[in-house]
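Structure record follows, encoded as structure tokens.
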Amino acid sequence: MTAYIVRRLLLAIPVMVLVATATFLLLHMTPGDPVAVLLGPDATTEQIAELRRELGLNDPLYVQYGRWVAGALRGDLGKASSSISQSRQPLSSAWHRRPSSVFSPRS
């Protein structure tokens, strides 16, 4: 039984790598510029260029992927797009927006 569990856990590693890679590539294939969407229609080209540089979107795709994987392995999921200016982490944003449930007491 232990051998079966170990084998299944080892087989899950390539599946997780494939899912992570597919997710990353699909996000980069979506149309539009995420920086232009974040800053809105009134953003200047200098503001757009600055935020693209800050977020590392000017780097080659393989560099962005390596940075993304390294961050994910450390538990760093980046900044939530709705709170780039506040530097709030995505997990923190999700926690504050969770609905009331049996597991989360009302405040």
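Taking all pairs of distinct Cα atoms, average 1/r, flip it, and tell me the Kirkwood hydrodynamic radius of region 2-79 in Å to one decimal place. Present the calculation step by step, with values, prior to reporting the outcome.
Numbers: mean 1/r = 0.0671 Å⁻¹.
By the Kirkwood definition, the hydrodynamic radius is 14.9 Å.
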Q: Quick one: what are the phi-derived ³J(HN,Hα) couplings along region 46-56, Karplus 6.51/-1.76/1.60 with θ = phi - 60°, whole Hz, x for glycine and proline?
A: 5, 5, 5, 4, 5, 5, 4, 5, 4, 7, x
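Bear in mind that the values in this text are calculations on the coordinates, not laboratory data. Note that the structure is predicted; figures quoted are calculated from it, not measured.
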